[in-house]
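Enquirer: Take a look at this one; I'll ask things after.
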Amino acid sequence: MRRTCYVLIISLFMFASSISAALAADGKFLTLCYHNVVDDQAQQGSENVTTGKLIEQLSWLQHEGYQAISIDDLLAARDGRRPLPEKAVLLTFDDGYESFYTRVYPILLAFHFPAVIGLVDSWMANGIGANGQPGESVQYGEEKMPREAFLTWAQVREMVGSGLVEVASHSHALHEGIIANPQGNKEPAEVTSGYDASTNSYEIPVAYKQRLLADAATSAQVITKETGRAPRSMIWPYGAYNQLGIMIQNNYGMPITLSLDDGFGSIDKLMAVPRYLVNGDPDLGDYVSDMRKLGKPRPMRVIQVDLDYVYDPDPAQMARNVDKLVERVYEMKISAVFLQAFADPEGSGLARALYFPNRYLPMRADLFNRVAWQLRNRAHVKVFGWLPVLSFDFGRNINQIETWNPNTNQTEMDPNPKAYHRASPFDPAARNGIIGIYEDLARLAPIDGLLFHDDAVMSDFEDASPYALGAYQAAGFPPSIQVIRSDPALMAKWTKFKTDALISFTEELANHARIFRSPLLTVRDIYAPVVLEGRDQEWFAQNYDAFLAAYDYTAIMAMPEMENVPEDEAESWMQQLVVAASRRPNGLTKTIFELQSVDWRKTAVDEDRSLPTERLGAQMRYLASQGALNFGYYPDDFVTNTPDAGLLHKDFSLQTYPYVP
């Protein structure tokens, strides 16, 4: 027993040291998120913490030298008036439970710890923000709670008067879910354009923005009138936010907003402060262990899924397909799904229709939102919207990428039938259409990130379209590919110009999507030869180092069969990819090795193109043995269980990865 206690003490000390090191950097701080505090374990809900555990956790923080800070401290540090203490912690309590006054406030007084309380003013009793009287109920998620479960303004004013408690907006009335798709899923009101079944239509952007503006104005007005102090921070309901919401809150005097993102806060990034959600009434060891993992890179295990496999003209069958996919992903215990948002039943890579409502292309089915929401909430994975960058069929009014033919000295469409049919990224009309598609996806779907498809390429003879030649001339190049190619130095500069132009365009797409959906991770596909052979940048306008700098993840298409690598050389070929990643700073943590589960070289209709699951598992084991942290595969066929999820589980599932429950 003594040895067990000794080990626990040593472990907690090591955990504390790890957290301290993370906070030692200037301007870093830890933020904790609590909800209801109860005395009786029988009352324990998923987000509740018992009074005894709260005291234990705050005592541990105090013993380890943590200093509780206030909103004043954050703003002073941001403005350079005084630095944060080395081990700074911000305490926040969401939803305005009455227990904050009866249980938490006395504890704060005893410790002399400041805290922030997030109030939904429409839930409050005895004030101008109240919708009703005591004895009535409040709609809290899917259940109703008595209004007496929440604070009164008189209690709030008393606590604010102590100088220890500051009120944050938790919205006026947006802490709820609203109908987000024809299938009836409810999603966070703050970031959702509502669906109206009576008109079969979605809330338009102007109406959505006006709803956010009205809610922010009311919340700020009510809190100011009831407490005498304007709110300076916003706690996002459900942790859901976007750049539009941040801008609106800033305009109403709230420069600090608090999310539920993973990691530590920083005084130079107060617009969406990460918070550690304390729930499940954790023991002290689990509490400290979870905080130890904050901000650390976690392994990515990802599958890339064609929604074309899910779509069916029969709605009942399509619903069964959705369930089957979600159940499969749940059993896999992975971290992410790259989900196809465009229809491509022919496998050409060209988007002629989409799986979400939009302003530019036909919609094959309003399916993406439903599947993404189910995957996030039932399978507990992040969902990345997978779209082309250039391969959209906008019709004849959009300039396509053209190829210069050295034999004829003429420009023409790419004669290679396997080449992607791409719009020119230098055509303003094409850019506007593609930007609009990405905006519509983010506005109407709950995504965690974007996967930029491998169509964002330009060869050493592209782009020769009129808009492209004009862009080259504006950048100081001759408006002739023939002249550019005749000068090696100019050729190298031109290759970099195109590489940078495609990166800049994808960053612009992500920024437009972030208006409606944040945080938003980015992943971009890169061809393996570009990583292994530098000259291939000329052929693709891709650069591994530039991708690592620009995106959260770079997905190397580590597909030996696609690159015609002999089977007995596949391991050494993959080893070269891992070595190339390991030689870059953060290369292994920011690289996803994407394997193939089918052999696309087989083209006969009756041929089985699936590769053996055992081979795929062996490749995963080998990548992990070489130090690869992140890997996945494409495609996943949930209909035929290809690859075999049961066989793959031990090599692929996060349950087999150390320190991941």
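FYI, it's all coordinate maths here, none of it is from the lab. Given the structure is predicted, the values throughout are model-derived calculations rather than measurements. Cβ coordinates were reconstructed from backbone atoms using ideal geometry, including for glycine residues, and neighbour counts include every protein chain displayed.
Enquirer: As a test of the formula, what do you get for the chain when each DSSP H run with n ≥ 4 contributes -39,500 (n - 2.57) and the sum is divided by the residue count, at 222 nm and rounded to the nearest 500 deg cm²/dmol?
Expert: On the way: 21 runs with 243 residues, N = 661.
Value at 222 nm, helices only, nearest 500: -11500 deg cm²/dmol.
Enquirer: How would you rank Y287, Y330, going from fewest to most other Cβ atoms within 10 Å of each one's own Cβ? Show your work: numbers first, answer last.
Expert: Details: Y287 23, Y330 15.
In increasing order of surrounding Cβ atoms, one gets Y330, Y287.
Enquirer: Dipole of segment 301-656, Cα-centred, from +1 at each Lys and Arg C-beta and -1 at each Asp and Glu C-beta, to the nearest 20 debye? Please list the in-between numbers first.
Expert: Numbers: 34 positive and 49 negative charges, 252 e Å.
Once rounded to the nearest 20, the dipole reads 1220 debye.
Enquirer: Using +1 at the Cβ of each Lys and Arg and -1 at the Cβ of each Asp and Glu in the chain, identify which of M234, T640, V156 lies farthest towards the dipole's positive end.
Expert: So the residue we want is V156.
Enquirer: Okay, next question. As a quick test, which of the pairs K493/K602; K269/K498; K87/K296; K53/K293 have an alpha carbon distance above 27 angstrom in this structure? Please report the intermediate quantities before stating the final value.
Expert: On the way: K493/K602 39 Å; K269/K498 32 Å; K87/K296 18 Å; K53/K293 20 Å.
Going by Cα-Cα distance, K493/K602; K269/K498 fall outside the 27 Å limit.
Enquirer: May I pose another question? Rank P446, A76, G433 by how far each Cα sits towards the positive end of the charge dipole of the chain (+1 on Lys, Arg Cβ; -1 on Asp, Glu Cβ) and give me just the farthest.
Expert: It is A76.
Enquirer: Collect residues whose amide H, placed 1.01 Å from N in the peptide plane, falls under 5 Å from the amide H of D599; neighbours closer than 5 in sequence don't count.
Expert: Close amide H contacts, sequence-distant or interchain: S610, L611.
Enquirer: Among (1) 27.0, 85; (2) 27.1, 90; (3) 32.3, 123, only one was calculated for this model; which label is it, if the read-out is Rg and Dmax of the Cα atoms in Å?
Expert: (1)
Enquirer: Under a Cβ-only charge scheme (Lys and Arg +1, Asp and Glu -1), can you give me the dipole magnitude of the chain about the Cα centre, in debye to the nearest 20? Spell out each step's value before the answer.
Expert: Numbers: 58 positive and 83 negative charges, 331 e Å.
Approximately 1600 debye in magnitude.
Enquirer: May I ask you to evaluate 6.51 cos²θ - 1.76 cosθ + 1.60, the Karplus curve with θ = phi - 60°, for each residue of segment 57-69 and list the ³J(HN,Hα) values in order in whole Hz, giving x for glycine and proline?
Expert: 5, 5, 5, 5, 4, 5, 4, 7, x, 6, 10, 6, 10
Enquirer: A further question follows. What does the charge add up to near A365, with Lys and Arg as +1, Asp and Glu as -1, over the other residues with Cβ less than 11 Å from its Cβ?
Expert: Taking every Cβ under 11 Å from that of A365, the sum is -1.
Enquirer: Packing-wise, with mean Cβ within 10 Å as the measure, how do 106-114, 183-191, 167-175 rank, highest first? Spell out each step's value before the answer.
Expert: Values: 106-114: 15.0, 183-191: 19.3, 167-175: 24.4.
Averaged packing, sorted descending, gives the order 167-175, 183-191, 106-114.
Enquirer: While we're looking at this one, here's another question. Which whole-Hz couplings ³J(HN,Hα) result when phi for each residue of segment 92-108 is put into the Karplus expression 6.51 cos²θ - 1.76 cosθ + 1.60, θ = phi - 60°, listed in order with x for Gly and Pro?
Expert: 10, 10, 8, 5, x, 5, 4, 5, 5, 7, 7, 10, 6, 4, x, 5, 4
Enquirer: So for each of 304-316, 211-223 I average, over its residues, the number of other beta carbons within 10 Å; can you give me the resulting order with the highest mean first?
Expert: Numbers: 304-316: 16.8, 211-223: 19.5.
Those peptides, ordered most packed to least, come out 211-223, 304-316.
Enquirer: Please state the charge dipole magnitude for segment 207-302, taken about the Cα centre, from unit charges on C-beta atoms (+1 on K and R, -1 on D and E), reported in debye and rounded to the nearest 20.
Expert: Working: 12 positive and 9 negative charges, 67 e Å.
Approximately 320 debye in magnitude.
Enquirer: Net charge within 11 Å of I248 by Cβ-Cβ distance, Lys/Arg positive one each and Asp/Glu negative one each, not counting I248 itself? Before the final figure, lay out each step's value.
Expert: Numbers: positive: K209, R211; negative: E190, D215.
Residues near I248 contribute 0 overall.
Enquirer: A423's amide H: which non-local residues (gap 5+, or another chain) put their own amide H closer than 5 Å, with H modeled 1.01 Å from N in plane and none for Pro or chain starts?
Expert: S391, F392, I401
Enquirer: Sticking with this one: If you find the alpha carbon centre of segment 453-498 and of segment 569-634, how far apart are they in angstrom?
Expert: Between the Cα centre of segment 453-498 and that of segment 569-634, the gap is 32 Å.
Enquirer: What is the distance in Å between the Cα centroid of segment 241-291 and that of segment 306-342?
Expert: 31
Enquirer: In whole Hz and in residue order, list the ³J(HN,Hα) couplings for segment 479-492 that follow from phi through the Karplus curve 6.51 cos²θ - 1.76 cosθ + 1.60, θ = phi - 60°; x for Gly and Pro.
Expert: Per-residue couplings from phi come out as x, 8, 5, 4, 5, 4, 6, 7, 10, x, 5, 5, 4, 5 Hz.
Enquirer: Long-range amide H contacts for L387: which residues qualify at under 5 Å (H placed 1.01 Å from N, peptide plane, sequence gap of 5 or more or a different chain)?
Expert: Close amide H contacts, sequence-distant or interchain: L451, H453.
Enquirer: If packing is taken as the average count of other Cβ atoms within 10 Å, what order do 26-32, 567-573 fall into, highest mean first? Working shown, then result.
Expert: Numbers: 26-32: 19.7, 567-573: 12.3.
Sorting 26-32, 567-573 by mean packing, highest first, produces 26-32, 567-573.
Enquirer: Considering the dipole of the chain built from charges on the beta carbon (Lys and Arg +1, Asp and Glu -1) around the Cα centre, which of V523, Q57, Q374 is farthest to its positive end?
Expert: Q57
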